[in-house]
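Asker: Please see the structure below; I have some questions.
The values are calculated or read from the model by the stated rules, or taken from the named source; none is laboratory data. Computed from a prediction, not measured in an experiment: that's the story for all the values here. Here the Cβ positions follow ideal geometry from the backbone for every residue, glycine too, while neighbour counts run over all protein chains shown.
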Amino acid sequence: MKLLEFRGVGKSFGGLRASDDVSFSVGDGEIVGLIGPNGAGKTTLFAMASGFLPPTDGEIWFAGRRVDGQGAAQICAAGLVRTFQIVKPFGEMTVLENAMIGAFLRHPRRDDAAEAAMKVLRRVGLGGREHQVARTLTLSGRKRLEVAKALATQPRLLLLDEVMAGLTTVETADMVALVLDLRRTGISVLIIEHNMKAVMQLSDRIVVVHHGRKISEGEPNAVANDPEVVKAYLGEAHA
Ligand SMILES: Nc1ncnc2c1ncn2[C@@H]1O[C@H](COP(=O)(O)OP(=O)(O)O)[C@@H](O)[C@H]1O
Ligand SMILES: [Mg+2]
């Protein structure tokens with residue numbers, strides 16, 4: 001079953017075409033990698049799917065419903081949530097309070113939200129840090145808190161935007177393990193990632209965008225060997 005589907009999606013910022021006629025889907029239970037050079041339009045696709053930006057053209061469907069044009073809160077309630085590339089925890093709040101913001105969506109009572117948030121924090125490896133002020137976390141901790149905030153909303157589909165950027169090899173391996181664990185518990189994942197090793201390891205399928213357009217899609221090995229993809233990464237100067 002298709003959980004998320006982009007149908008001919010376009011986005012213009014003035015004269016700039018950040019997305020152009022993009023179509024692809026994420027199936028229930030899948031991990032799909034979304035890759036492409038900087039400025040390719042990856043984050044813009046996330047912003048449109050999660051209700052932060054309206055598409056200029058096309059349609060976005062989630063769990064059998066058309067969602068483009070709906071707001072982020074409504075889409076999140078339906079089970080689709082994103083993380084942000086630039087992590088912005090509420091710095092003066094504790095780790096637990098940050099995670100509770102997500103948990104309140106399904107748990108209106110404070111005690112229940114705290115309990116659900118604690119479960120999520122343990123899951124992402126932040127158990128024991130719940131009373132720490134969020135701004136004092138390391139980069140790796142802030143990335144994990146970003147995932148925890150999203151996870152606390154109990155999504156069916158999680159959009160992860162460069163959650164491994166800046167992490168060490170060991171921290172990256174932990175994040176890969178976490179994403180695989182999420183899928184084991186029924187959460188589908190669409191992940192933007194520049195770490196090729198990690199994205200190849202994780203993804204069932206990979207979608208490649210360049211200058212706003214989808215240029216390749218398929219199994220990780222096929223995509224990595226696609227001449228169009230190699231050309232996009234080397235840059236037109238080398239083509
Ligand atoms: N809110 C915005 N207003 C104007 N231009 C934007 C906006 N968001 C993104 N862009 C532009 O759209 C293009 C795609 O950006 P983005 O989706 O962030 O790419 P990626 O995530 O693949 O690096 C870039 O040229 C970027 O500068
Ligand atoms: Mg981006």
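Asker: Would you mention how many residues in the stretch 63-76 are more than 26 Å from His211 (Cβ to Cβ) and either surrounded by 15 or more Cβ atoms within 10 Å (Cβ to Cβ) or within 16 Å of ligand 1 (Cβ to nearest atom) (or both)?
Answerer: So the count comes out to 5.
Asker: Among what's in the stretch 147-189 and is assigned to a helix (DSSP H, G or I) and acidic (Asp, Glu), pick the residue that is farthest from Val32 (Cα to Cα).
Answerer: Here is the first cut: in the stretch 147-189, the residues assigned to a helix (DSSP H, G or I) are 147-151, 169-184.
Going one step further and asking which of them are acidic (Asp, Glu), we end up with 171, 174, 181.
Numbers: Glu171: 21, Asp174: 18, Asp181: 15 Å.
Of everything passing the filter in the stretch 147-189, Glu171 is farthest from Val32 (Cα to Cα).
Asker: Taking the criterion of being of a type in the set (A, V, I, L, M), away from ligand 1 (no atom under 15 Å from the Cβ), in a loop (DSSP other than H, G, I, E, B) and in contact (Cβ under 8 Å) with a residue 12 or more places away in the chain, would at least one residue in the stretch 13-27 satisfy it?
Answerer: Start the filter on the stretch 13-27 by keeping residues that are of a type in the set (A, V, I, L, M), which leaves 16, 18, 22, 26.
Narrowing further to those that are away from ligand 1 (no atom under 15 Å from the Cβ): 26.
After this cut, where a residue has to be in a loop (DSSP other than H, G, I, E, B) as well, the list is none.
No, because not a single residue in the stretch 13-27 is of a type in the set (A, V, I, L, M), away from ligand 1 (no atom under 15 Å from the Cβ), in a loop (DSSP other than H, G, I, E, B) and in contact (Cβ under 8 Å) with a residue 12 or more places away in the chain.
Asker: In the stretch 42-71, how many residues are assigned to a loop (DSSP other than H, G, I, E, B) and either touching a Gly at 6+ places or on another chain (Cβ under 8 Å) or away from ligand 2 (no atom under 16 Å from the Cβ) (or both)?
Answerer: Quick first cut of the stretch 42-71, residues assigned to a loop (DSSP other than H, G, I, E, B) only: 50-56, 63-64, 67-71.
Still in the running and either touching a Gly at 6+ places or on another chain (Cβ under 8 Å) or away from ligand 2 (no atom under 16 Å from the Cβ) (or both): 51, 54-56, 63-64, 67-71.
Qualifying residue count for the region: 11.
Asker: Then there is this: Quick check on the stretch 126-140. Is at least one of its residues under 17 Å from the mean Cα position of the chain (by Cα), among the hydrophobic types (A, V, I, L, M, F, W, C) and outside any helix (DSSP H, G or I)?
Answerer: no
Asker: Checking Phe52 against (1) closer than 27 Å to Leu178 by Cβ; (2) surrounded by fewer than 15 Cβ atoms within 10 Å (Cβ to Cβ); (3) among the hydrophobic types (A, V, I, L, M, F, W, C), only one condition comes out false. Which one?
Answerer: (2)
Asker: Still on this structure, I have one more. What number of residues within the stretch 72-92 are of a type outside the set (S, T, N, Q), part of a loop (DSSP other than H, G, I, E, B) and modelled with pLDDT under 95?
Answerer: Taking the stretch 72-92 first, the residues of a type outside the set (S, T, N, Q) are 72-73, 75-82, 84, 86-92.
The next check asks that each one be part of a loop (DSSP other than H, G, I, E, B); those that pass are 79, 84, 86-92.
From what is left, the residues that are modelled with pLDDT under 95 are 84, 86-92.
Within the stretch 72-92, residues that are of a type outside the set (S, T, N, Q), part of a loop (DSSP other than H, G, I, E, B) and modelled with pLDDT under 95 number 8.
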